[in-house]
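What follows is a set of notes on a single structure, which appears directly below.
We did not get these values from a lab; they are worked out from the coordinates using the rules stated. Keep in mind the model is a prediction, meaning the values are calculated, not measured. Please note: Cβ atoms are built from the backbone with ideal geometry, for glycine as well, and neighbour counts cover all protein chains shown.
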């Protein structure tokens, strides 16, 4: 608003086809630039879009897309998973399972890779992973599967806070007390996690800073369309509450 721009918001429900459809619709309406969040679109789809709409700046949050018209803002999801594992191992956990997002994208991959690398460095098993929908129900069903496959697990780390809330409920229904019998940790630091019982230990992502830096980068691209800018990398923070 301070720079006299209007903002249009589009929801795609994390469906790649809907993302492409919305990108084309926005570009056809003559928008000055587009910011995408955690896209499922691949390199080929983005390249095809930008070949058709040459000159429109695109800021992509948590993306690995490489293109002269694309500027990237990303959080350190890899490091976020590492600090979770380091904390849990320090607390004495050696058998840690993870619930990942059944969808495949950069943000999910880096969270899983950080988890696996950190466990490997500590000499722990790192393949106790189940993929589910990134929802409370997905967390519930995924945790039941984890506990059935790997009953030795003493901690569960989830792709996001919603899955962690489902995990806590699944543990309760299995007769396990959180955190006395099993620890649960999420990712994102959303409000429901802070209000749950037990309150959720998680990794904080500064969503305000993500939005601000994305818009500042877009303004820079609009002011200097021929300039190439390096990626913006944002840190994450461990938030310890009652669940771990």
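In nanometres, what is the gap between the two model label sites at residue 2 and residue 223, each 7 Å from Cα along Cα-to-Cβ?
1.1 nm
Considering the chain as a Gaussian network with a 10 Å cut-off on Cα pairs, which listed residue, 187, 115, 208, attains the greatest mean-square fluctuation?
Highest fluctuation of the listed residues: 208.
Nearest-5 percent of antiparallel DSSP beta bridges in segment 77-204? Let's see the in-between values first.
On the way: 0 of 13 bridges.
Given both bridge residues lie in segment 77-204, the antiparallel proportion sits at roughly 0 percent.
Find the relative contact order for segment 89-221 and round it to a whole percent, using C-alpha pairs within less than 8 Å whose residues are 6+ positions apart.
Reported relative contact order: 21 percent.
Could you identify which residue out of 179, 225, 134 has the top mean-square fluctuation in a GNM of the chain using Cα springs shorter than 10 Å?
225
Taking the convex hull of the Cα atoms, report for the chain its projected area averaged over all directions, in nm². Can you show the working numbers first?
Numbers: hull surface 54.1 nm².
Taking the Cα atoms of the chain, their convex hull projects to 13.5 nm² on average.
In degrees between 0 and 90, to the nearest 10, how far off the longest principal axis of the chain does helix 16-28 point, with axes built from Cα atoms?
Once rounded, the angle reads 20 degrees.
Connecting C-alpha atoms closer than 10 Å in a GNM of the chain, tell me which of 216, 23, 147 has the biggest fluctuation.
Fluctuation is largest for 216.
Relative contact order of segment 148-244: what whole-number percent is it, with Cα pairs under 8 angstrom and at least 6 residues apart? Spell out each step's value before the answer.
On the way: 130 pairs, mean separation 29.4, N = 97.
Reported relative contact order: 30 percent.
If you average the sequence gap of Cα pairs under 8 Å that are 6 or more apart and divide by the length of the chain, what percent do you get for the contact order?
Values: 447 pairs, mean separation 45.8, N = 244.
In percent, rounded to a whole number, it is 19.
Between helix 136-149 and the chain, what is the angle of the helix's C-alpha long axis to the longest principal axis, kept within 0 to 90° and rounded to the nearest 10?
For 136-149 against the chain, the angle is about 40 degrees.
Roughly speaking, what is the stretch gain from residue 113 to residue 174, that is 0.36 nm per residue apart minus the C-alpha to C-alpha distance, in nm to one decimal? Don't jump to the answer; show the numbers that get you there.
Numbers: separation 61, 0.36 × 61 = 21.96 nm, distance 2.84 nm.
Taking residue 113 through residue 174 to full extension adds about 19.1 nm, to one decimal.
Based on DSSP, what percent of beta bridges with both residues in the chain are antiparallel, to the nearest 5?
On the way: 3 of 27 bridges.
Of the beta bridges lying entirely in the chain, close to 10 percent run antiparallel.
Going 7 Å from the Cα of residue 240 in the Cα-to-Cβ direction, what parts of segment 156-180 have a backbone nitrogen less than 14 Å from that spot?
Under 14 Å, as judged by backbone N against the label point of residue 240, lies no residue of segment 156-180.
Report, in degrees rounded to the nearest 10, the 0 to 90 angle that the Cα long axis of helix 161-173 makes with the longest principal axis of the chain.
Computed tilt is about 20 degrees.
Per DSSP H run of at least 4 residues, take -39500 (n - 2.57); add these up for the chain, divide by its residues and hand me the 222 nm value, nearest 500 deg cm²/dmol. Please report the intermediate quantities before stating the final value.
On the way: 8 runs with 102 residues, N = 244.
Dividing the helical sum by the residues of the chain leaves -13000 deg cm²/dmol.
At 0.36 nm per residue, minus the direct Cα-Cα distance, what do residue 32 and residue 122 gain on full extension? Give it in nm, one decimal, please. Please report the intermediate quantities before stating the final value.
On the way: separation 90, 0.36 × 90 = 32.40 nm, distance 4.84 nm.
That pair, residue 32 and residue 122, stretches by 27.6 nm at full extension.
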